[in-house]
Amino acid sequence: ASDAARWADPARIGEGAQARAEIAAPYIKSGQMVLDMGCGAQALRKLVPKDTKYIPADIVPRSADCYLTDLNQHFYYVDELFPAAPTYEGRYDWVVLSEVCEFLHDLPRVFDRMKKSSKGLIVSYNTIAPDADDAAKEKRRAAGYLNDVTADRLEGFLTGAGWEIKERKQGAGTHWWICG
């Protein structure tokens with residue numbers, strides 16, 4: 001399960017959100033529809049073009065229009081993404097997963113579901129070195145991370161779900177993949 005209590009604490013959200021939003025925002029063009037999964041402080045909302053259809057979703061309500069979702073729930077729940085929003089093929093131009101994947105149990109399943117709902121995916125992930133020791137993994141657990149994935153393995157999850165990696169970059173203290 002997810003640690004909803006952790007994310008309900010306002011002190012846990014917001015740190016680095018602006019810097020991450022500044023990396024994701026330039027990919028989102030006027031008139032597009034973006035699903036901001038794990039929207040947190042909704043910093044991205046303030047940076048996308050005004051006519052963008054911005055849809056926030058998080059494990060706790062962040063605003064009146066925020067869809068509640070927990071991507072660590074059982075398959076049927078993830079498959080529907082969240083109950084109140086249509087999720088037919090190609091529904092979104094972009095899904096943004098910024099500082100979310102570290103807190104998920106089943107990344108391949110989530111990436112597969114996103115592929116069914118979106119034309120594009122912007123994902124950040126704080127990777128682990130292939131030779132990481134137990135101390136490095138314990139540090140990740142202390143930060144609340146639920147998984148330990150190398151960059152190569154994450155790319156395997158993305159391509160295995162049908163995503164084509166268009167761009168790789170680093171910024172805001174993490175790694176980024178822009179997929180289509």
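The values are calculated or read from the model by the stated rules, or taken from the named source; none is laboratory data. Bear in mind the structure is a predicted one, so any value in this text is a computation, not a measurement. Ideal geometry is used to build each Cβ from the backbone, glycine not excepted, and the neighbour counts take in all protein chains shown. These accessible areas exclude ligands, DNA and RNA; they are computed on the full protein's heavy atoms, side chains included. Shrake-Rupley method; radii C 1.70, N 1.55, O 1.52, S 1.80 Å.
Consider residue 45 carefully, then state whether it is surrounded by 20 or more Cβ atoms within 10 Å (Cβ to Cβ), at pLDDT 85 or above and among the charged types (D, E, K, R). It is false that residue 45 is surrounded by 20 or more Cβ atoms within 10 Å (Cβ to Cβ), at pLDDT 85 or above and among the charged types (D, E, K, R).
Looking across the stretch 141-157, just one residue is under 14 Å from residue 100 (Cβ atoms) and open to solvent by 50 Å² or more (accessible area, probe 1.4 Å), and that is 146.
Looking only at the stretch 158-180, filter to residues that are hydrophobic (A, V, I, L, M, F, W, C) and closer than 20 Å to residue 20 by Cβ; which one of those is most open to solvent (accessible area, probe 1.4 Å)? For the stretch 158-180, the residue satisfying everything is 172.
Among the residues of the stretch 63-84, the one identified as open to solvent by 60 Å² or more (accessible area, probe 1.4 Å), charged (D, E, K, R) and at pLDDT 80 or above is 65.
Got at least one residue in the stretch 91-107 being at pLDDT below 90, surrounded by fewer than 20 Cβ atoms within 10 Å (Cβ to Cβ) and under 25 Å from residue 47 (Cβ atoms)? There is at least one residue in the stretch 91-107 that is at pLDDT below 90, surrounded by fewer than 20 Cβ atoms within 10 Å (Cβ to Cβ) and under 25 Å from residue 47 (Cβ atoms).
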